[in-house]
Amino acid sequence: MISIIIATYNEAGNIEEMIDRIFKYIPPPVEVIVVDDDSDDGTWQKVIAMDRLGVHPVTLIRRTRERGLASAILRGIIECHGDIIGWWDCDMMMCPEKAPEMIATLKDHDIALGSRYVNGGGDKRDVIHVLSSVAINRVAGFVLGYGIKDYDSGFLMIRRDVLNLCLPVPTGFGEYCIEFMYCCIKRGAKVIEVPYVLTDREHGISKARHSNVKFILYGIRYLIRIAVAKVRGR
C-alpha cells in the first residue's frame, strides 16, 4: 500500500482537486490521510464530504489544539499503514503526477526527493521566493554536504523502513525537511533527487508570506535549523 499524507490549513480551494489527482495518478492500493489544523474555510468539511459521498476514501485527522506542518506530517506518519509513504503541500505547487516516477526509484533507493535544483527541475514562483529558497539550499548544501541540491523540498516518497533511521522532528515549517534529510543520509539512507517544476499556488495564500517580517523570520529559522542539525549530528 502507498500512503499519502496531506497537511492542510485553509486549503478549501485546493483540497478536492489535490485528492482527485492523487487517486488519478497514483496506482492502487493508495491511502490518503489529510491532517487538518482546524481550518476555518471549510477544508475539513470538504474532506468529510468526499469520503461520505463515496467520491474517494479519505481519512481525516482534524486537530483542534495543535498546529504546524512538521507535527501534522508526523501525525500522518503515525496513523498511516503503507509500505511506501509520501507527503507534500496541498497548495497545488507539488504534482501528484510525479509520484509514480518517484515510487519507481524506490526499488533501488530509500528516499525519492522531489527536487527543483537538479536537471529538469525548476521554480516558477515569484523572484523573492525563488532567491530565498536558492540561498537556503546553498547554505544547507555547504554546511551539511552529501550533494543534496534541494534540502528543504518537502516533497518526498520514502520506504517505511527509513523511519527506523529517523523521524521528522515535529517543530517548524519547511525547515523540518532539512534536518530529516540530513539525519536519514547520515544514517545510511540512499537518496535520489527526482526533478520537478514548482509553480505558484492557484488558490489561497502562502503561509510563509503573510508579511515581509514573517517571511524574513522564516528564513532565519531555516538557517538556525541548519546549524542545529550540523551541531547535533543527528
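Can you name the number of the only condition in (1) surrounded by fewer than 21 Cβ atoms within 10 Å (Cβ to Cβ); (2) at pLDDT below 90 that V143 fails?
Looking at each condition in turn, V143 falls short on (2).
Name every residue in the stretch 121-137 that is under 18 Å from Y151 (Cβ atoms) and either surrounded by fewer than 20 Cβ atoms within 10 Å (Cβ to Cβ) or under 16 Å from the mean Cα position of the chain (by Cα) (or both), in order of residue number.
Hits for the stretch 121-137 are G121, G122, D123, R125, H129, V130, L131, S132, S133, V134, A135, N137.
Please indicate, with yes or no, whether at least one residue in the stretch 126-143 is part of a loop (DSSP other than H, G, I, E, B) and free of Cβ contacts under 8 Å to residues at least 12 places away in the same chain.
No.
Conditions tested, residue by residue: (1) farther than 23 Å from P168 by Cα; (2) among the charged types (D, E, K, R); (3) buried (at least 22 other Cβ atoms within 10 Å of the Cβ).
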site	(1), (2), (3)
A7	no, no, yes
I15	yes, no, yes
Q45	yes, no, no
A70	no, no, no
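Where in the stretch 1-119 are there strands (runs of 3 or more DSSP E), lying fully within it, with 3 or more residues that are over 13 Å from the mean Cα position of the chain (by Cα), over 18 Å from V162 (Cβ atoms) and touching a residue at least 12 places away in the same chain (Cβ under 8 Å)?
30-36, 58-62
The values are calculated or read from the model by the stated rules, or taken from the named source; none is laboratory data. Every value quoted in this text rests on a predicted model; they were computed, and no experiment measured them. A quick note on method: Cβ atoms are made from the backbone with ideal geometry, for glycine too, and the neighbour counts reach across all protein chains shown.
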